[in-house]
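See structure below.
The values are calculated or read from the model by the stated rules, or taken from the named source; none is laboratory data. Predicted model only: the values in this text are computed from it and were never measured. Please note: Cβ atoms are built from the backbone with ideal geometry, for glycine as well, and neighbour counts cover all protein chains shown. The area values use the complete protein model at the heavy-atom level, side chains included, leaving out ligands, DNA and RNA. Shrake-Rupley method; radii C 1.70, N 1.55, O 1.52, S 1.80 Å.
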Amino acid sequence: IADQRARLNKAAADFVAKPKKLLIDGEWVDAKSGKTFSTVDPATGLEITRLAEGDAADVDVAARAARRAFEEGEWPRLRPRDRQRLLLKLADLVEAHADELAEIEALDNGKPVTYARFVDVNMAVDFLRYMAGWATKIEGTTLDLSTGFTPDDQFFAYVRKEAVGVVGQIIPWNFPLVMAAWKLGPALATGCTVLLKPAEQTSLSALRLGELVMEAGFPKGVVNIITGFGGTAGAAIVEHPEVDKIAFTGSTAVGKLIGMAAMKTMKRVSLELGGKSPVVVMADANLETAIPGAAMAVFFNMGQVCTAGSRLFVERKVFDQVTEGVAEVAKSMKIGAGLDPASQLGPLVSAVQRDRVMAYIQSGLAEGGRALTGGQVIGGAGCFVEPTVFVDVNSSMKVVREEIFGPVVVAQPIDDIANIPAMANDTIYGLGASIWSNNLSFVHRLVPKIKAGTVWVNCHNFLDPALPFGGYKQSGVGREMGRAVLDLYTESKSVLMQI
Ligand code: ADP
């Protein structure tokens, strides 16, 4: 495939051509070391551009700037309504640059540009607008108390909700712009200041968002963006004493490292980690929607979704019909570069990810799994893998147990519906699940037994900013979105006044 940069419209092309820097204290600066690294188009394997390679020295300057912005200057004096107004302005700017951001995302991540435009960019806008509203609705409580130590002692007590402070936000490569908006929204609504580290594979849309943050008029030092690698820039954010809280989205393995490192300075931590989400299809479901629904549950974004429906459980009497139907959907999807408007599935994000997914597919085949479709890498310099449907698997296989983060689903038949909770919960993860059935009583009885932060019924992967999102078990700590996220970005201060 030819250099995809040629497909960009002028706005995105101009942005990509500009030198890429770090955003620290309101200025775009090079890394102190002067080092840069390459960001690659996964459709072609060609370098798109080079990014500043931030490390501990840059993080230190940014953390101190974020601390100053939090304690002094304009930001702490802004009224909630002004924070709301700035967030709404940022949402408007993202919307005004929607096509450009979608092209940048499609080039850097590989996802089809139409999805980038109508899923990713729209979600980012929605999410910023939703969080803007919370800026003016953060409330504490008041209580009348008495200790009973003396007959007439009396206290007036209240609980203040205060911004947690400087927040380090480390995000992954699967939804780069959405993740940046998802993280910045609650931090800015509550009055925190931020060090944001995008994933090294996909930093471009976050850098463009950083320009829009400055254009919206956020005071300097409120949002700092450090591009660089996890082990250096990321680890430095987690360790920095001026950082009060870490919000991380990424793999469970890295989440554990970050959680443990953050405890050294007792940072507040919220983690959105991996999943191996079950999709349960009952024979009474409307199969005309359940089959494409189960297919999209796992193939959307090439399976690079933390809630990907990667374990498919189907009642035995419709097992062949559903699994063959999902395989047909897989075969019918057009695979190509994200910027090719005809593409329905893009490449995986990187050669590393392609090789990781292929190793899982090979392990599944070696352990006796049968691929109804897929199973092959698509040759050439791009990072393309065929969407793959495995049957003849059992619950001890690696492909069934581990998160693949690729377009691979493992299907198992349900022989006894009493076993559904045990089958669905037979995983270290607990992020998402979906149930496809028209039997409402059955669904309502099953939902409480599924250990997952989100259970979808007759749909999968739908998110709304008003709904808390997060994981049971090793899928994470805390709930983002909805009212719940405010708890992650505020401290409670109890005030007791003897009266
Ligand atoms: P993947 O392995 O799929 O690339 P990761 O969970 O490693 O996903 O990456 C998610 C984010 O975490 C990225 O921004 C990455 O740079 C960052 N990261 C990776 N390792 C560390 C680490 N040890 N400390 C802090 N951040 C890290």
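Spatially close Lys pairs in the stretch 355-494, defined by Cα atoms under 25 Å apart and a spacing of eight or more places or different chains, total 5.
With both residues required to sit in the chain, DSSP beta bridges show an antiparallel share near 45%.
On the principal axes of its alpha carbon atoms, the stretch 377-452 extends 50, 25, 21 Å, with the longest extent given first.
Remark: spin-label model distance SER395-MET333 equals 2.7 nm, labels positioned 7 Å along the Cα→Cβ axis. Considering only VAL113, GLN169, MET179, the residue lying farthest towards the positive end of the dipole of the chain is GLN169, judged by Cα position with unit charges set on Cβ.
Sorting THR232, THR44 by solvent-accessible area of protein heavy atoms yields THR232, THR44, largest first, with a 1.4 Å probe.
Label zone of THR265 (point 7 Å out along Cα→Cβ, amide N under 11 Å): in the stretch 53-87 this covers 60-61, 63-64, 67. When you filter the trypsin sites (Lys or Arg not before Pro) in the stretch 203-269 for DSSP loop state and at most 13 other Cβ atoms inside 10 Å of their Cβ, you are left with LYS264. Taking GluC sites (Glu not before Pro) across the stretch 88-161, the ones in a DSSP loop with at most 13 further Cβ atoms lying within 10 angstrom of their Cβ are GLU139. Taking a point 7 angstrom from the Cα of SER363 along the C-beta vector, which residues in the stretch 402-419 have backbone N less than 13 Å away? Answer for this model: 402-406. Cα centroids of the stretch 364-386 and the stretch 118-177: 45 Å apart. Calculated mean residue ellipticity at 222 nm for the chain: -10500 deg cm²/dmol, from DSSP H runs with n ≥ 4 weighted as -39500 (n - 2.57), summed, divided by the residue count and rounded to 500.
Note on GLU324 and MET214: the extension gain reaches 34.5 nm, defined as 0.36 nm multiplied by sequence separation minus the Cα-Cα distance. A Förster radius of 51 Å combined with the Cβ-Cβ distance from ARG160 to ASP416 puts the calculated FRET efficiency at roughly 0.45.
Overall, the stretch 285-418 carries a charge dipole of about 260 debye about its Cα centre when +1 sits on the Cβ of Lys and Arg and -1 on the Cβ of Asp and Glu, all other atoms neutral. For the stretch 87-154, the list of chymotrypsin sites (Phe, Trp or Tyr not before Pro) that fall in a loop by DSSP and count at most 11 other C-beta atoms within 10 angstrom reads PHE149.
ILE450 sits with roughly 10 Å² accessible to a 1.4 Å probe, with DNA, RNA and ligands left out of the calculation.
Each Lys and Arg contributes +1 and each Asp and Glu -1, all at the Cβ; summed about the Cα centre of the chain, the dipole is approximately 440 debye. Classification of the chain by its C-alpha gyration tensor yields an oblate form. The axis ratio a/c (a ≥ b ≥ c) is 1.5 or more, and b/c is at least a/b. The mean accessible area for residues of the stretch 173-264, using a 1.4 Å probe and ignoring ligands and nucleic acids, is 24 Å² per residue. Mind running the shape call on the stretch 294-369? Use the C-alpha gyration tensor, a ≥ b ≥ c as the square roots of the eigenvalues: rounded below 1.5 for a/c, prolate if a/b tops b/c, oblate otherwise. Here the stretch 294-369 falls in the oblate category. Residue order by solvent-accessible surface for SER492, SER363 is SER492, SER363, largest first, with ligands and nucleic acids left out and a 1.4 Å probe. Per residue, what accessible area does the stretch 282-373 have, given a 1.4 Å probe and all protein chains present, in Å²? Solvent-accessible surface per residue comes out at 38 Å². Applying 0.36 nm per residue to the separation of ALA342 and THR289 and subtracting their alpha-carbon distance, the gain on full extension is 16.8 nm.
I'd like the FRET efficiency for PHE229 and ASP144, computed as 1/(1 + (r/R0)^6) with the beta carbon distance as r and R0 of 56 Å, rounded to 0.05. For PHE229 and ASP144, the calculated efficiency is 0.55. Taking 7 Å steps out from each Cα toward its Cβ at ASN9 and GLU72 produces label points 4.4 nm apart. Rolling a 1.4 angstrom probe over the chain with all protein chains present gives an accessible area of which 54% lies on carbon and sulfur atoms.
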